[in-house]
Amino acid sequence: MGVPVIRSVGLSKRYGDFYALKDLDLEVAQGEMVGFLGPNGAGKTKTIRLLLGLIHPSAGTAEIFGFECHRKPVEVHRHLAYVPGEANLWPTPTGGETLHLLGEVQGNVVPVYRDELIQRFDLDASKRVRTYSKGNRQKLILIAALITRPDLLLLDEPTGGLDPLMEQAFRRCIHEAGERGQTVFLSSHILGEVEALCDRVGVLRDGTLVDVGTLAELRHLSFLSFLTVDWT
């Protein structure tokens with residue numbers, strides 16, 4: 001089957017006696033679209049920060065394409081694009097200049113696809129970033145992640161600030177990424193978003209992975225009570 005795109009064994013992050021993440025064992029295969037469901041504070045963002053190598057684990061290991069995340073971050077980042085839930089961008093450049101800059105860092109930008117995404121997300125790329133609303137800043141970082149068609153998309157609650165129409169545009173783009181064989185790891189507390197996009201789901205609560213499977217397999221869990229149901 002080859003090397004898993006994401007593999008964690010006993011991955012933990014502890015602050016004193018508090019475990020933000022405890023003993024996470026998870027594998028994601030190439031081409032899979034996996035959701036990471038849980039309420040705010042469950043440990044979803046902490047997991048993604050560990051996968052990005054931004055923080056070091058207290059115990060266990062995390063690998064992306066066989067590279068240990070906190071020891072080989074350069075190699076790891078060559079294979080992925082990351083979308084956080086809150087966009088922190090340079091205020092002065094225009095949206096178009098920002099896309100150019102981020103595209104140059106990652107490489108492999110197809111200009112025709114970039115322009116198509118700008119149209120799909122109805123983004124005015126001529127405006128300076130400081131004039132953008134939260135929703136437009138989120139559109140910008142989504143486009144920046146998608147334009148390089150990375151092997152792995154790490155998405156941490158990526159639709160915050162998007163209106164329902166733009167959420168549909170996002171879902172269409174993620175479906176297309178899956179059809180191209182890209183791997184998607186999507187953190188969310190919105191049940192409908194994960195249900196619409198993901199093959200398998202991991203349910204995280206209080207820093208612990210409760211279960212992994214399809215949503216149909218996980219209906220026996222009580223996790224529905226703490227998730228947002230998206231009717232769009």
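The values are calculated or read from the model by the stated rules, or taken from the named source; none is laboratory data. Since this is a predicted model, take the numbers as computed values, not measurements. Glycine gets a Cβ as well: all are built from the backbone with ideal geometry, and neighbour counts include every protein chain shown.
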Kindly list the number of the only condition in (1) of a type in the set (Ser, Thr, Tyr); (2) crowded, with 21+ Cβ neighbours inside 10 Å; (3) over 11 Å from the mean Cα position of the chain (by Cα) that fails for residue 188. (3)
Of the candidates 46, 72, the one satisfying the condition of being closer than 19 Å to residue 105 by Cβ and charged (D, E, K, R) is 72
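Filter region 142-199 down to residues that are small (Gly, Ala, Ser), in a loop (DSSP other than H, G, I, E, B) and touching a strand residue (DSSP E or B) at 6+ places or on another chain (Cβ under 6 Å), then give me how many there are.
Selection size over region 142-199: 0.
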Tell me the residue from 34, 5, 76 that is β-branched (Val, Ile, Thr), farther than 28 Å from residue 195 by Cβ and buried (at least 18 other Cβ atoms within 10 Å of the Cβ), please. 76
Could you check residue 127 against (1) in contact (Cβ under 8 Å) with a residue 24 or more places away in the chain; (2) touching a Leu at 6+ places or on another chain (Cβ under 7 Å); (3) not polar (S, T, N, Q) and say which number it fails? (2)
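If only one of 89, 101 is out of contact with any strand residue (DSSP E or B) (no Cβ under 7 Å at 6 or more places or on another chain) and free of Cβ contacts under 8 Å to residues at least 12 places away in the same chain, which one is it?
Result: 101 is the single residue among 89, 101 that is out of contact with any strand residue (DSSP E or B) (no Cβ under 7 Å at 6 or more places or on another chain) and free of Cβ contacts under 8 Å to residues at least 12 places away in the same chain.
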Return yes when residue 54 is assigned by TED's automatic domain parsing to the domain that holds residue 211, free of Cβ contacts under 8 Å to residues at least 12 places away in the same chain and outside any helix (DSSP H, G or I) and no when it is not. yes
Within the bounds of region 88-100, is there any residue that is of a type in the set (D, E, K, R), more than 15 Å from the chain's Cα centre (by Cα), surrounded by fewer than 20 Cβ atoms within 10 Å (Cβ to Cβ) and not assigned by TED's automatic domain parsing to the domain that holds residue 206? yes
